[in-house]
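Notes follow the structure.
The values are calculated or read from the model by the stated rules, or taken from the named source; none is laboratory data. Nothing here was measured: the structure is a model prediction, and the numbers come from that model. Cβ placement follows ideal geometry from the backbone for every residue including glycine, while neighbour counts extend to all protein chains displayed. Each accessible area value is taken on the protein alone, full model and side chains, heavy atoms only, with ligands, DNA and RNA left out. Shrake-Rupley method; radii C 1.70, N 1.55, O 1.52, S 1.80 Å.
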Amino acid sequence: MSARENWMEEMQSAYLYQVLVATEPDPVKNKLFLRLGQAATAQAEIWARQARARGAVLPPAFHPSWRARLVAALIRTLGPRRLRPVLAAIKVRGLSVYSAPADSSGHAMPTSLEDFGHRHRTTESGGNLRAAVFGVSDGLVSNTSLIMGMAGAVQDLKVLLLTGTAGLLAGALSMAAGEYVSMRSQREMYEYQIGLEREELEEYPEEEAEELALIYEARGVPIEQARATAQRLLQNPEHALDALAREELGLNPDALGSPQGAAVASFLAFTLGALVPLLPLLFAGPNAIYTSAGAAVGGLFLVGAALSLFTGKQAVWGGLRLTLIGGGAGVIAYMIGAMLGAGLG
């Protein structure tokens, strides 16, 4: 980015910090955003001097872009906590204070890249498993409802097979495309923001270290200890970038994953769930719809029991709850299909 563009980025950040200061009720976070806003203004002046030295003409006064004004309106309406992904994308720092403990007791401050990564990587596999189970649940509930709705309207087994197959493909492809776009967008945002941080780290490393120290201070660390920690991290550029991504922007590089991998996993998980009510239609003969419904009920119970691993509830209760919810959706779909079939027949 040019010096002029970096000046615009910092001035936009300073503008949004003013909005955060006006809306954030917590005095600790409020103080942090006030000081980060002051730092953004100072850094904007550094870029302004560089821009003028290179012959660039800066506007006589800064005017926020329509995007910044929209984000400011959303902050005033919804509050900053709900807008963390949006604020990270527009380069507002200090967002880790919304996910980190208010004080450092029981939460040792990291002093190296390994310390940063370990705390997050330990939950990554669990997150993937959770996503897979939910993908199976989505495929099971949606395709069961679709097949039962069509079964209420028609009795033709071929129509039910085509309906279930179409529902499987449409749902799985939709899930895969949605996951790919979501993960790709997250990664592009991270790569863009980390590129800005890398450039700023080269231009004014001391200012970046002070910003990091201010965030640690807001989390309850004494300022001198926070500054010492920030200085240690910034001795290694890669450690520093990882620290800035996590603490200034609230981004977790380890959680981004692969867009292609997420798309394939979503496709397979949804397909697995959608096959449960579909396969009996291929082999169960004239009573196929009843077999399909029974398989769906059994699948719902098993998936619900698996979800209890993440909710802490008893497996039996988790299984019964999803069976009631998914089964209820199927019954309602069947009744609506029957009414439509009678009306159109």
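In table form, for the structure just shown:
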read-out: Of residues in segment 1-22 being acidic (Asp, Glu) and open to solvent by less than 50 Å² (accessible area, probe 1.4 Å), the one nearest to ALA68 (Cα to Cα); value: GLU9
read-out: Single residue of ALA51, ALA56, ALA44 found to be touching a Ser or Thr at 6+ places or on another chain (Cβ under 9 Å), among the small types (Gly, Ala, Ser) and not in a helix (DSSP H, G or I); value: ALA56
read-out: Flag if THR229 is touching a residue at least 40 places away in the same chain (Cβ under 8 Å), in a helix (DSSP H, G or I), over 22 Å from SER2 (Cα atoms) and open to solvent by 50 Å² or more (accessible area, probe 1.4 Å); value: no
read-out: Of residues in segment 247-261 being in a helix (DSSP H, G or I) and at pLDDT below 75, the one surrounded by the most Cβ atoms within 10 Å (Cβ to Cβ); value: GLU247
read-out: One residue from ALA172, ALA151, ALA166 being within 30 Å of PRO286 (Cα to Cα), more than 28 Å from the chain's Cα centre (by Cα) and buried (at least 21 other Cβ atoms within 10 Å of the Cβ); value: ALA151
read-out: Helices (runs of 4 or more DSSP H) contained in segment 105-215 and holding at least 2 residues modelled with pLDDT of 80 or more; value: 124-153, 157-203
read-out: Flag if GLY298 is closer than 28 Å to GLY149 by Cα, under 30 Å from the mean Cα position of the chain (by Cα) and at pLDDT 85 or above; value: no
